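Heads up, the thing below is written out as structure tokens.
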Amino acid sequence: MTLRFLRRSIADQRTGLVLLLVLLVVVFGSMIPTFFSERFVVFPLLRDVATLTVVGLAQLAVLSIGHLNIAVGRMAAFGAMFMGLAYEQWHLPLYVGLVIGVAAGAAIGALTGLIITSSGVNSFVVTLAMDFALLGFVSLVYSELTTSAAFTTKPAGMQELRTFSLADVCVGPVCGTGAIPQLAIFAVLAMLAVGYLYSRARTGREMLMVGSNAVAAELSGIPVHRRIVGAHALSGGLAALAGFMLAVTSGSFTATIGSEFMLPSFLGPVLGGTLLTGGAVSIIGTFLGTTLTQVIRQGLTMLGASVQSLSISLGIILLAALSLDRVRQVVTERKAVRR
């Protein structure tokens, strides 16, 4: 009954996000007519939403087991660094470099998980230490191998991926819309893969069981340590994918890629219904939560809000989301006690 209540609560939260999102779009659109500009507002907005949705999924992967990944931004920079090396130093094609970078992100994530399981230290502490270590390492590599602190080689297809929309994808006389960037395809594929993992695959279900109760999961025969390492590897791989998407958007691979990922990585999943304590995730909710925060950011920016005001607004949103998460947890516990 508790699980049923939790699912209903997450579904209700997603419905509330949709209604709030529609309301905000209508309000901002009525106040700022250019808010609906396909090329200058909607296209870049959805491109940012796609990137930050993948960032949210990277955090969601470790939240599912009740952990945190403070190093999600640095892991994005680490994976992107290998992509930049692949393009500039090794002269590899676009998608070969992408695979190498995602593999590097998954490897550093797996290493983080191994440190957590072998040492028994809290994930917050380990990922915070990893954040500092990667900051120094990535900066050192860029300073040694580049003259402008960036890998600027653009492999074939990168510029098109940055600027092309689904309007450039045609099947006969039928083409897509110019409002949706081709880069959003990566976010959709990531959502489908992560959604399948947690809803259909045994590994994903076991990760959720670890998040609900690690001791009970171990007593049930679930390889808890392997699932923890797997969740962190998934987080690192998704972070690297987000780093690639951001590098495509900016046009180069730099050491600062991912430096702004920390807050969005929590906003999307927590607003969408993913529990900080583990055991429940929402992929669609992560997308909706990310979209909501980006619509608020875009609308306030177009209304002339300062950077400080944007930071305050997003901080308040996160605080509200964390409060809602705690309320939902308390209600779920009380339901369990009553039954």
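In table form, for the structure just shown:
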quantity: Computed [θ] at 222 nm, helices only, for the chain once each DSSP H run of length n ≥ 4 contributes -39500 (n - 2.57); calculated: -25000 deg cm²/dmol
quantity: Largest-first principal axis extents of the Cα set of the stretch 1-127 (Å); calculated: 51, 50, 22
quantity: Ratio Rg/Rh, restricted to the stretch 188-312 and using Cα atoms, in which Rh is the Kirkwood radius; calculated: 1.04
quantity: Heavy atoms of residue 38: accessible area, 1.4 Å probe, square angstrom to 10; calculated: 100 Å²
quantity: Theoretical gain in end-to-end length, residue 140 to residue 25 [0.36 nm per residue, Cα-Cα removed]; calculated: 37.1 nm
quantity: Scattering profile of the stretch 94-221 at q = 0.09, 0.17 Å⁻¹ [log10 I(q)/I(0), Debye over alpha-carbon scatterers]; calculated: -0.48, -1.15
quantity: Carbon/sulfur fraction of accessible area - the chain, other protein chains in place, 1.4 Å, %; calculated: 67 percent
quantity: Within the chain: Cβ-based charge dipole about Cα centre, in debye rounded to nearest 20 (Lys, Arg +1; Asp, Glu -1); calculated: 1240 debye
quantity: DSSP H segments from the chain that extend 27 Å or more along their own axis, Cα-based, with Kyte-Doolittle mean of 1.0 or above; calculated: 2-31, 43-63, 94-119, 123-145, 224-250
quantity: Square roots of five times the Cα gyration tensor eigenvalues for the stretch 143-211, Å; calculated: 32, 26, 8
quantity: Label-point gap, in nm, between residue 213 and residue 169 - each point 7 angstrom along Cα→Cβ; calculated: 4.4 nm
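The values are calculated or read from the model by the stated rules, or taken from the named source; none is laboratory data. None of these values were measured; they are calculated from a predicted model. FYI the Cβ positions are ideal-geometry reconstructions off the backbone, even for glycines, and counts take in every protein chain you see. Quick note on the areas: whole protein, heavy atoms, side chains included, nothing else; ligands and nucleic acids left out. Shrake-Rupley method; radii C 1.70, N 1.55, O 1.52, S 1.80 Å.
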